[in-house]
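One structure is given here, and the rest of the page talks about it.
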Amino acid sequence: MFRPDDPTAPPGQVFDAPWQAQAMALADTLVQAGHVTPGAWAQALGDALRSDAITALPDSLDTYYRAVVMALETVFDERVGVSKATLTQRRHDWEAAFRDTPHGQPVVLK
């Protein structure tokens, strides 16, 4: 689905930050493993890109990848069975673990 050697791909850097690459890799993994069809992923991403939360933002790579995350959350909720509430709680748990971890130590989710 996402091929780096695609001659029609945009030139130059595709990702501004590691999380962007990770989000796309997660989407690709879900499709390749058969958890989500390519059509369902395309629909979720298209819906996210057309959402009010995204269309109000400047047209940038950051905005695009925010839509990717929104689409992933939708796919997890509707197709994988992980609710948005569960994802939100897990994000809060990781943020707390990060804040509570001394500098230089590995972050451990409790």
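The values are calculated or read from the model by the stated rules, or taken from the named source; none is laboratory data. A quick note: this is a predicted structure, and the numbers were derived from the prediction, not measured. A quick note on method: Cβ atoms are made from the backbone with ideal geometry, for glycine too, and the neighbour counts reach across all protein chains shown.
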**Item:** Cβ-Cβ under 9 Å pairs, at least 6 apart or on other chains, the stretch 34-63 side part of a helix (DSSP H, G or I), far side at pLDDT below 85 and of a type in the set (S, T, N, Q)
**Value:** LEU61/GLN13
**Asked** From the list ALA27, ALA71, ALA23, which one is among the small types (Gly, Ala, Ser), in contact with a Leu (Cβ under 9 Å, 6 or more places away or on another chain) and over 18 Å from THR88 (Cβ atoms)?
**Response** ALA27
**Complete:** Those residues of the stretch 79-110 which are of a type in the set (A, V, I, L, M, F, W, C) and either within 21 Å of LEU45 (Cα to Cα) or touching a helix residue (DSSP H, G or I) at 6+ places or on another chain (Cβ under 9 Å) (or both) amount to VAL80, VAL82, ALA85, LEU87, VAL107, VAL108, LEU109
**Asked** Just for the stretch 18-32: of the residues that are over 8 Å from the mean Cα position of the chain (by Cα) and surrounded by 17 or more Cβ atoms within 10 Å (Cβ to Cβ), which one is nearest to GLY81 (Cα to Cα)?
**Response** LEU30
**Prompt:** In the stretch 49-65, what count of residues is obtained for those that are surrounded by 15 or more Cβ atoms within 10 Å (Cβ to Cβ) and within 16 Å of TRP19 (Cβ to Cβ)?
**Reply:** 3
**Request:** Run down VAL82, VAL108 and say which single residue is modelled with pLDDT of 90 or more, of a type in the set (Val, Ile, Thr), farther than 22 Å from ALA17 by Cα and assigned to a loop (DSSP other than H, G, I, E, B).
**Result:** VAL108
**Request:** Report, by residue number, each residue of the stretch 66-94 that is surrounded by fewer than 11 Cβ atoms within 10 Å (Cβ to Cβ) and either among the acidic types (Asp, Glu) or at positive phi (or both).
**Result:** GLY81
